[in-house]
């Protein structure tokens with residue numbers, strides 16, 4: 001049993017009732033807003049499956065969720081099944097993480113790493129279902145600015161010779 005009151009075994013979402021869909025959405029929205037790093041326990045693709053089906057990053061009313069629930073089979077018949085598997089894996093991974101945290105000692109001592117040694121580094125991803133247009137445009141313009149600067153520097157160097 002995970003901390004969110006759901007059994008961490010696979011439950012097929014296509015047979016779910018609207019009420020179950022709504023409660024899962026609210027549960028996932030809580031995870032998204034308060035404990036987002038828990039999502040990094042599963043792959044980005046599985047996170048997107050959950051986001052696309054449950055709209056877990058959106059604060060929606062039950063009426064909006066009912067409309068979404070009824071519209072899903074029209075677009076992608078297997079989406080509820082894929083999202084159900086990803087949801088079950090997420091709950092299982094959350095449960096595992098909590099059990100590991102409970103067993104871990106309070107203070108962990110680590111051996112000194114050599115500078116540049118990345119053998120113990122682990123990277124995990126939290127997928128955002130919405131594009132941040134401001135951030136995207138900033139990155140785009142910074143890249144364009146860097147390219148222009150590099151070309152001007154290369155042009156200046158060639159003119160020196």
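No value in this document is a laboratory result; all are computed from the given coordinates. A quick note: this is a predicted structure, and the numbers were derived from the prediction, not measured. Glycine gets a Cβ as well: all are built from the backbone with ideal geometry, and neighbour counts include every protein chain shown.
For the stretch 13-103, rounded, prolate or oblate, judged on the Cα gyration tensor with a ≥ b ≥ c (square roots of eigenvalues), a/c < 1.5 rounded, else prolate if a/b > b/c? Since a/c reaches 1.5 and a/b is larger than b/c, the shape of the stretch 13-103 is classed as prolate.
Kindly state, to the nearest 0.05, the FRET efficiency for residue 66 paired with residue 151, given R0 = 35 Å and r defined as their beta-carbon distance. Could you put the intermediate results ahead of the total?
Details: r = 55 Å, r/R0 = 1.57.
Once rounded, the FRET efficiency stands at 0.05.
Measuring r between the beta carbons of residue 48 and residue 133 and using R0 = 22 Å, the FRET efficiency lands at 0.75. So how much slack lies between residue 79 and residue 30, counting 0.36 nm per residue of separation and subtracting their Cα-Cα distance, in nm? Full-extension gain reported as 15.5 nm.
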